[in-house]
1. Got a number for residues in the range 137-163 being modelled with pLDDT of 95 or more and part of a loop (DSSP other than H, G, I, E, B)?
2. Here are Gly89, Gly124: which of them is free of Cβ contacts under 8 Å to residues at least 40 places away in the same chain and in a helix (DSSP H, G or I)?
3. Which one of these does Leu54 not meet: (1) more than 30 Å from Tyr143 (Cβ to Cβ); (2) free of Cβ contacts under 8 Å to residues at least 24 places away in the same chain?
4. With respect to Leu70, determine if the residue is closer than 21 Å to Asn19 by Cβ and either surrounded by 12 or more Cβ atoms within 10 Å (Cβ to Cβ) or touching a residue at least 24 places away in the same chain (Cβ under 8 Å) (or both).
5. Looking at (1) exposed (fewer than 11 other Cβ atoms within 10 Å of the Cβ); (2) hydrophobic (A, V, I, L, M, F, W, C); (3) in a helix (DSSP H, G or I); (4) in contact with a Ser or Thr (Cβ under 9 Å, 6 or more places away or on another chain), can you tell me which one Ala76 breaks?
6. Kindly provide the set of residues from the range 27-54 that are of a type in the set (D, E, K, R) and at pLDDT below 85, ordered by number.
7. Determine which single condition Glu196 fails, assuming it passes every other condition in (1) surrounded by 14 or more Cβ atoms within 10 Å (Cβ to Cβ); (2) more than 17 Å from Gln119 (Cα to Cα); (3) in contact with a helix residue (DSSP H, G or I) (Cβ under 8 Å, 6 or more places away or on another chain).
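The values are calculated or read from the model by the stated rules, or taken from the named source; none is laboratory data. All values reported here derive from a predicted model rather than from experimental measurement. Every residue, glycine as well, gets a Cβ built from its backbone with ideal geometry; the counts of neighbours run over all protein chains shown.
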Amino acid sequence: MRSPEGKDVCGTGVYREVNKPGRLVVTDSFADEKGNVVPASYYGMSKDWPMELLITVTFEEQDGKTKLTLKHGNIAGVPAADFSGMKQGWNESFDKLEEYLGKERPSLNLNSIMIGSTQPKVLGEFYEKIFGRAADWADDGWYGWRTGNTYLHIGEHSEVKGKAKEPQRMILNFESKDVKGEFKRIKSLGAEVIKEPYEMESAWIATFADPDGNYFQLMSPWDMDQEKQ
(Lines give C-alpha, C1' and ligand atoms only; values in the text may rest on other atoms or scores of the structure.)
Protein backbone atom coordinates (compact mmCIF):
# COMPACT_ATOMS: atom_id res chain seq x y z
CA MET A 1 0.00 0.00 0.00
CA ARG A 2 1.27 3.51 -0.77
CA SER A 3 0.39 6.53 1.34
CA PRO A 4 -0.59 9.91 -0.16
CA GLU A 5 2.95 11.03 0.66
CA GLY A 6 4.33 8.24 -1.54
CA LYS A 7 5.54 6.01 1.30
CA ASP A 8 5.12 2.28 0.78
CA VAL A 9 3.55 0.34 3.65
CA CYS A 10 3.97 -3.44 3.44
CA GLY A 11 1.84 -6.15 4.97
CA THR A 12 1.83 -9.91 5.35
CA GLY A 13 -0.50 -12.65 6.50
CA VAL A 14 -1.14 -16.37 6.79
CA TYR A 15 -4.22 -18.23 5.58
CA ARG A 16 -5.80 -19.93 8.59
CA GLU A 17 -8.86 -21.28 6.81
CA VAL A 18 -9.82 -21.75 3.15
CA ASN A 19 -13.34 -23.11 2.92
CA LYS A 20 -14.22 -23.01 -0.77
CA PRO A 21 -16.34 -21.22 -1.86
CA GLY A 22 -17.79 -19.56 1.22
CA ARG A 23 -15.16 -18.49 3.73
CA LEU A 24 -11.58 -17.24 4.12
CA VAL A 25 -9.75 -16.55 7.37
CA VAL A 26 -6.37 -14.82 7.21
CA THR A 27 -4.05 -12.95 9.55
CA ASP A 28 -3.02 -9.34 8.81
CA SER A 29 0.21 -7.76 10.07
CA PHE A 30 2.56 -4.97 9.10
CA ALA A 31 5.78 -6.16 7.48
CA ASP A 32 9.10 -4.79 6.32
CA GLU A 33 10.31 -4.95 2.72
CA LYS A 34 11.47 -8.56 3.22
CA GLY A 35 8.12 -9.75 4.57
CA ASN A 36 9.10 -9.90 8.25
CA VAL A 37 6.36 -8.96 10.72
CA VAL A 38 7.03 -5.56 12.32
CA PRO A 39 5.05 -3.35 14.74
CA ALA A 40 2.99 -0.44 13.42
CA SER A 41 5.55 1.92 14.91
CA TYR A 42 7.92 0.80 12.14
CA TYR A 43 5.82 3.02 9.88
CA GLY A 44 5.39 5.81 12.41
CA MET A 45 2.01 4.66 13.71
CA SER A 46 0.91 4.10 17.29
CA LYS A 47 2.67 1.35 19.23
CA ASP A 48 -0.76 0.31 20.53
CA TRP A 49 -1.62 -1.42 17.25
CA PRO A 50 -1.98 -5.22 17.68
CA MET A 51 0.87 -7.16 16.07
CA GLU A 52 -1.72 -9.31 14.30
CA LEU A 53 -5.32 -8.82 13.22
CA LEU A 54 -7.61 -11.63 12.14
CA ILE A 55 -9.70 -11.12 9.00
CA THR A 56 -12.71 -13.26 8.10
CA VAL A 57 -14.24 -12.95 4.64
CA THR A 58 -17.49 -14.71 3.74
CA PHE A 59 -19.20 -15.07 0.37
CA GLU A 60 -22.97 -15.59 0.07
CA GLU A 61 -25.32 -15.87 -2.91
CA GLN A 62 -27.88 -13.08 -2.85
CA ASP A 63 -30.33 -12.41 -5.69
CA GLY A 64 -28.02 -13.95 -8.27
CA LYS A 65 -25.02 -11.97 -7.07
CA THR A 66 -22.28 -12.51 -4.49
CA LYS A 67 -22.44 -10.74 -1.16
CA LEU A 68 -18.98 -10.27 0.36
CA THR A 69 -18.70 -9.60 4.09
CA LEU A 70 -15.40 -8.69 5.75
CA LYS A 71 -14.94 -8.81 9.51
CA HIS A 72 -11.89 -7.81 11.53
CA GLY A 73 -11.16 -9.62 14.79
CA ASN A 74 -9.55 -7.80 17.75
CA ILE A 75 -10.16 -4.51 15.94
CA ALA A 76 -10.76 -2.85 19.30
CA GLY A 77 -7.00 -2.73 19.71
CA VAL A 78 -6.63 -0.34 16.77
CA PRO A 79 -6.11 3.24 17.98
CA ALA A 80 -9.06 5.49 17.14
CA ALA A 81 -6.77 7.98 15.42
CA ASP A 82 -5.72 5.31 12.89
CA PHE A 83 -9.13 3.71 12.38
CA SER A 84 -10.26 6.14 9.68
CA GLY A 85 -7.13 5.40 7.63
CA MET A 86 -7.73 1.69 8.01
CA LYS A 87 -11.30 2.10 6.77
CA GLN A 88 -10.11 4.23 3.85
CA GLY A 89 -7.60 1.53 2.88
CA TRP A 90 -10.26 -1.16 2.70
CA ASN A 91 -12.62 1.10 0.73
CA GLU A 92 -9.86 1.72 -1.81
CA SER A 93 -9.21 -2.03 -2.04
CA PHE A 94 -12.88 -2.74 -2.72
CA ASP A 95 -12.95 0.03 -5.35
CA LYS A 96 -10.04 -1.67 -7.13
CA LEU A 97 -11.78 -5.05 -6.86
CA GLU A 98 -14.93 -3.58 -8.39
CA GLU A 99 -12.89 -2.06 -11.23
CA TYR A 100 -11.10 -5.38 -11.85
CA LEU A 101 -14.31 -7.41 -11.95
CA GLY A 102 -15.89 -4.92 -14.33
CA LYS A 103 -13.17 -5.22 -16.96
CA GLU A 104 -13.75 -7.25 -20.09
CA ARG A 105 -11.16 -9.98 -20.64
CA PRO A 106 -10.24 -12.06 -23.67
CA SER A 107 -12.12 -15.35 -23.84
CA LEU A 108 -9.42 -17.87 -24.69
CA ASN A 109 -9.56 -21.64 -24.51
CA LEU A 110 -6.56 -23.87 -25.17
CA ASN A 111 -8.29 -26.52 -27.26
CA SER A 112 -5.34 -28.23 -28.95
CA ILE A 113 -1.57 -28.67 -29.14
CA MET A 114 0.06 -29.50 -32.47
CA ILE A 115 3.36 -31.32 -32.92
CA GLY A 116 4.90 -30.81 -36.36
CA SER A 117 7.06 -33.62 -37.72
CA THR A 118 8.81 -34.93 -40.84
CA GLN A 119 7.67 -38.41 -39.83
CA PRO A 120 4.06 -38.04 -38.60
CA LYS A 121 3.26 -41.71 -39.23
CA VAL A 122 6.09 -42.86 -36.93
CA LEU A 123 5.06 -40.32 -34.30
CA GLY A 124 1.40 -41.26 -34.65
CA GLU A 125 2.13 -44.95 -34.13
CA PHE A 126 4.26 -44.09 -31.11
CA TYR A 127 1.51 -42.11 -29.38
CA GLU A 128 -1.02 -44.84 -30.19
CA LYS A 129 1.06 -47.05 -27.91
CA ILE A 130 1.41 -44.32 -25.28
CA PHE A 131 -2.35 -43.70 -25.11
CA GLY A 132 -3.15 -47.39 -25.50
CA ARG A 133 -5.64 -46.70 -28.30
CA ALA A 134 -5.86 -45.67 -31.91
CA ALA A 135 -6.10 -41.99 -32.75
CA ASP A 136 -9.56 -40.48 -32.24
CA TRP A 137 -9.23 -39.34 -35.84
CA ALA A 138 -6.64 -39.87 -38.56
CA ASP A 139 -6.73 -38.27 -42.00
CA ASP A 140 -4.14 -37.71 -44.71
CA GLY A 141 -1.12 -38.08 -42.43
CA TRP A 142 -2.68 -36.26 -39.48
CA TYR A 143 -3.53 -37.83 -36.13
CA GLY A 144 -5.45 -36.54 -33.15
CA TRP A 145 -6.26 -37.69 -29.62
CA ARG A 146 -8.51 -36.03 -27.15
CA THR A 147 -6.87 -35.95 -23.71
CA GLY A 148 -9.04 -34.33 -21.07
CA ASN A 149 -10.33 -31.08 -22.60
CA THR A 150 -7.47 -30.73 -25.08
CA TYR A 151 -6.58 -32.36 -28.39
CA LEU A 152 -3.06 -33.48 -29.24
CA HIS A 153 -2.51 -33.16 -33.00
CA ILE A 154 0.39 -34.65 -34.97
CA GLY A 155 1.08 -33.83 -38.61
CA GLU A 156 3.67 -32.85 -41.17
CA HIS A 157 5.00 -29.30 -41.10
CA SER A 158 7.07 -27.86 -43.95
CA GLU A 159 9.32 -25.82 -41.64
CA VAL A 160 10.23 -28.71 -39.32
CA LYS A 161 13.50 -30.52 -39.95
CA GLY A 162 14.93 -33.42 -37.93
CA LYS A 163 14.61 -33.82 -34.17
CA ALA A 164 13.70 -31.20 -31.58
CA LYS A 165 16.78 -29.09 -30.85
CA GLU A 166 15.55 -27.67 -27.52
CA PRO A 167 12.98 -30.19 -26.24
CA GLN A 168 12.89 -28.53 -22.83
CA ARG A 169 11.13 -25.47 -24.28
CA MET A 170 7.72 -27.14 -24.34
CA ILE A 171 6.95 -30.35 -22.46
CA LEU A 172 3.71 -32.32 -22.62
CA ASN A 173 2.54 -33.25 -19.12
CA PHE A 174 0.29 -36.28 -18.69
CA GLU A 175 -1.34 -36.79 -15.30
CA SER A 176 -1.32 -40.25 -13.77
CA LYS A 177 -2.19 -41.52 -10.32
CA ASP A 178 0.37 -44.29 -10.88
CA VAL A 179 3.47 -42.57 -12.25
CA LYS A 180 5.77 -45.48 -11.41
CA GLY A 181 3.47 -48.05 -13.01
CA GLU A 182 2.98 -45.95 -16.16
CA PHE A 183 6.71 -45.34 -16.30
CA LYS A 184 7.40 -49.08 -16.45
CA ARG A 185 4.74 -49.57 -19.12
CA ILE A 186 5.98 -46.77 -21.37
CA LYS A 187 9.61 -47.73 -20.87
CA SER A 188 8.76 -51.27 -22.02
CA LEU A 189 7.36 -49.75 -25.25
CA GLY A 190 10.84 -48.53 -26.10
CA ALA A 191 10.42 -44.85 -25.25
CA GLU A 192 13.66 -43.01 -24.51
CA VAL A 193 13.99 -42.34 -20.78
CA ILE A 194 15.18 -38.84 -19.93
CA LYS A 195 14.53 -38.94 -16.18
CA GLU A 196 13.37 -41.85 -14.07
CA PRO A 197 10.58 -41.25 -11.53
CA TYR A 198 11.52 -38.77 -8.80
CA GLU A 199 9.56 -37.01 -6.09
CA MET A 200 9.14 -33.25 -5.91
CA GLU A 201 6.96 -31.68 -3.20
CA SER A 202 4.94 -34.88 -2.71
CA ALA A 203 4.39 -35.29 -6.47
CA TRP A 204 6.00 -37.91 -8.72
CA ILE A 205 7.47 -36.96 -12.11
CA ALA A 206 9.13 -38.95 -14.91
CA THR A 207 10.38 -37.68 -18.28
CA PHE A 208 10.57 -39.38 -21.69
CA ALA A 209 11.38 -38.36 -25.28
CA ASP A 210 9.31 -39.38 -28.30
CA PRO A 211 10.89 -40.44 -31.65
CA ASP A 212 11.29 -36.76 -32.66
CA GLY A 213 13.01 -35.92 -29.38
CA ASN A 214 10.05 -34.00 -27.94
CA TYR A 215 9.86 -34.34 -24.17
CA PHE A 216 6.76 -35.56 -22.37
CA GLN A 217 6.28 -36.16 -18.66
CA LEU A 218 4.21 -38.28 -16.34
CA MET A 219 3.05 -36.31 -13.31
CA SER A 220 0.99 -36.95 -10.22
CA PRO A 221 -2.38 -35.13 -10.35
CA TRP A 222 -2.11 -31.53 -9.21
CA ASP A 223 -4.46 -30.64 -6.36
CA MET A 224 -5.22 -26.97 -7.09
CA ASP A 225 -7.28 -26.51 -3.93
CA GLN A 226 -4.42 -27.74 -1.76
CA GLU A 227 -1.92 -25.57 -3.69
CA LYS A 228 -3.97 -22.44 -3.00
CA GLN A 229 -3.97 -23.11 0.70
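1. Residues meeting the conditions: 0.
2. On inspection, the qualifying residue turns out to be Gly124.
3. (2)
4. Against the criterion (closer than 21 Å to Asn19 by Cβ and either surrounded by 12 or more Cβ atoms within 10 Å (Cβ to Cβ) or touching a residue at least 24 places away in the same chain (Cβ under 8 Å) (or both)), Leu70 qualifies.
5. Unmet condition: (4).
6. Once the filter is applied, which keeps residues that are of a type in the set (D, E, K, R) and at pLDDT below 85, the range 27-54 yields Lys47, Asp48.
7. Here Glu196 meets the rest and fails (1).
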